[in-house]
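Participant: Attaching a single structure in structure tokens format; questions to follow.
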Amino acid sequence: MAVVKHTFVGSLVILAVGTLFVFVGFYLHGTQTAYPDGTSATATVSSIDTATDDDGKPSYAAVYTFTTTDGAAVTFRDQMSSGNRPQVGSTAPVSYRAADPAGARVVRGWNFFALGTVGMGLLVALFGLRGILARLLRLVFLVGAWRTQRTTG
């Protein structure tokens, strides 16, 4: 059985990949939360868009309608689709910006995919960081031992 020896550069790459996953997870989370400068409303599923993948499996995306504080009716398609068919008439909290109400988004908070992406990214990043720290400590102790040996010998 071959022993795989990670290099310092390999640990840096692992740390970078893990960090990238953490950022992607937080980005995904950000697309599911209220706009910081937005207005909240309650939207109703008015229709459902259905698509079929290459295997013939359907996916569903809700089309929501809500009323802005100005009284304008706005309809938008949810950015997320799934194999679970939403029910027409069900409601969801949404957030929109007054300048662009059609860019509204459903407020879901943390979903398992975003949370899982952050969690896996943290694990991978910590593994890479452990490798970097192990190499740095080994280098410090080797230099210290070399200096001690030079001064005593």
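Participant: From 7, 33, 44, 68, which residue is out of contact with any helix residue (DSSP H, G or I) (no Cβ under 7 Å at 6 or more places or on another chain), farther than 26 Å from residue 104 by Cα and of a type in the set (Ser, Thr, Tyr)? Spell out how you get there, then give the answer.
Facilitator: Values: 33 fails: farther than 26 Å from residue 104 by Cα; 44 fails: farther than 26 Å from residue 104 by Cα; 68 fails: farther than 26 Å from residue 104 by Cα.
Step by step, each of 7, 33, 44, 68 is checked, and only 7 is out of contact with any helix residue (DSSP H, G or I) (no Cβ under 7 Å at 6 or more places or on another chain), farther than 26 Å from residue 104 by Cα and of a type in the set (Ser, Thr, Tyr).
Participant: Find the residue count for region 98-116, including only residues that are crowded, with 17+ Cβ neighbours inside 10 Å and of a type outside the set (A, V, I, L, M, F, W, C).
Facilitator: So the answer is 2.
Participant: Here's another thing I want to ask about it. Return the residues of region 24-61 that are farther than 19 Å from residue 113 by Cα, in contact with a strand residue (DSSP E or B) (Cβ under 8 Å, 6 or more places away or on another chain) and not hydroxyl-bearing (Ser, Thr, Tyr); say none if nothing qualifies. Outline the logic, then answer.
Facilitator: Of all residues in region 24-61, those farther than 19 Å from residue 113 by Cα come to 35-58.
Going one step further and asking which of them are in contact with a strand residue (DSSP E or B) (Cβ under 8 Å, 6 or more places away or on another chain), we end up with 35, 37-53, 58.
Passing the criteria: 37, 38, 41, 43, 45, 48, 49, 51, 53, 58.
Participant: Here's something else I'd like to know. Test residue 13 against the criterion of being part of a helix (DSSP H, G or I) and either out of contact with any His (no Cβ under 9 Å at 6 or more places or on another chain) or assigned by TED's automatic domain parsing to the domain that holds residue 127 (or both), and give yes or no.
Facilitator: Details: part of a helix (DSSP H, G or I): yes; either out of contact with any His (no Cβ under 9 Å at 6 or more places or on another chain) or assigned by TED's automatic domain parsing to the domain that holds residue 127 (or both): yes.
Answer is yes for this residue.
Participant: Can you name the residue in region 79-122 that is hydrophobic (A, V, I, L, M, F, W, C), at pLDDT below 90 and assigned to a loop (DSSP other than H, G, I, E, B) and, of all such residues, is farthest from residue 65 (Cα to Cα)? Step through it out loud before you land on a result.
Facilitator: First pass over region 79-122, keeping only residues hydrophobic (A, V, I, L, M, F, W, C): 80, 88, 92, 94, 98-99, 102, 104, 106-107, 110, 112-115, 118, 120, 122.
Adding the requirement that they be at pLDDT below 90 leaves 80, 110, 112-115.
Checking which are assigned to a loop (DSSP other than H, G, I, E, B) leaves us with 80, 110.
On the way: 80: 16, 110: 23 Å.
So, considering only residues that are hydrophobic (A, V, I, L, M, F, W, C), at pLDDT below 90 and assigned to a loop (DSSP other than H, G, I, E, B), the one farthest from residue 65 (Cα to Cα) is 110.
Participant: Hey, residue 64 hits all of (1) within 23 Å of the chain's Cα centre (by Cα); (2) surrounded by 11 or more Cβ atoms within 10 Å (Cβ to Cβ) but one; which does it fall short on?
Facilitator: (1)
Participant: Now for a different question. Which condition number in (1) surrounded by fewer than 12 Cβ atoms within 10 Å (Cβ to Cβ); (2) within 30 Å of residue 132 (Cβ to Cβ); (3) touching a Phe, Trp or Tyr at 6+ places or on another chain (Cβ under 9 Å); (4) not acidic (Asp, Glu) is the one that residue 7 fails?
Facilitator: (3)
Participant: Quick one: which of 91, 44, 19, 67 is hydroxyl-bearing (Ser, Thr, Tyr) and either in the same structural domain as residue 129 (by TED's automatic domain parsing) or without any contact (Cβ under 8 Å) to a residue 12 or more places away in the chain (or both)?
Facilitator: Details: 91 fails: either in the same structural domain as residue 129 (by TED's automatic domain parsing) or without any contact (Cβ under 8 Å) to a residue 12 or more places away in the chain (or both); 44 fails: either in the same structural domain as residue 129 (by TED's automatic domain parsing) or without any contact (Cβ under 8 Å) to a residue 12 or more places away in the chain (or both); 67 fails: either in the same structural domain as residue 129 (by TED's automatic domain parsing) or without any contact (Cβ under 8 Å) to a residue 12 or more places away in the chain (or both).
So the residue among 91, 44, 19, 67 that is hydroxyl-bearing (Ser, Thr, Tyr) and either in the same structural domain as residue 129 (by TED's automatic domain parsing) or without any contact (Cβ under 8 Å) to a residue 12 or more places away in the chain (or both) is 19.
Participant: Now, a different point. One residue is enough: does region 123-131 have a residue meeting the conditions assigned to a strand (DSSP E or B) and crowded, with 17+ Cβ neighbours inside 10 Å?
Facilitator: First, pick out the residues of region 123-131 that are assigned to a strand (DSSP E or B): none.
No, the conditions are met nowhere in region 123-131.
Participant: Shifting gears a bit: Of the residues that sit in region 83-97 and are surrounded by 12 or more Cβ atoms within 10 Å (Cβ to Cβ) and of a type in the set (Gly, Ala, Ser), which one is farthest from the chain's Cα centre (by Cα)?
Facilitator: Step by step, filter region 83-97, then rank; the result is 92.
Participant: Is there a residue in region 49-57 that is in the same structural domain as residue 95 (by TED's automatic domain parsing), free of Cβ contacts under 8 Å to residues at least 60 places away in the same chain and surrounded by 14 or more Cβ atoms within 10 Å (Cβ to Cβ)? Reasoning before the result, please.
Facilitator: Filtering region 49-57 for residues in the same structural domain as residue 95 (by TED's automatic domain parsing) gives 49-57.
Next, only the ones that are free of Cβ contacts under 8 Å to residues at least 60 places away in the same chain stay: 49-57.
Subset that is surrounded by 14 or more Cβ atoms within 10 Å (Cβ to Cβ): none.
No, because not a single residue in region 49-57 is in the same structural domain as residue 95 (by TED's automatic domain parsing), free of Cβ contacts under 8 Å to residues at least 60 places away in the same chain and surrounded by 14 or more Cβ atoms within 10 Å (Cβ to Cβ).
The values are calculated or read from the model by the stated rules, or taken from the named source; none is laboratory data. Note that this is a predicted model, so its numbers are computed, not measured. Neighbour counts are summed over all protein chains in view; Cβ atoms, including those assigned to glycine, are modelled from backbone coordinates with ideal geometry.
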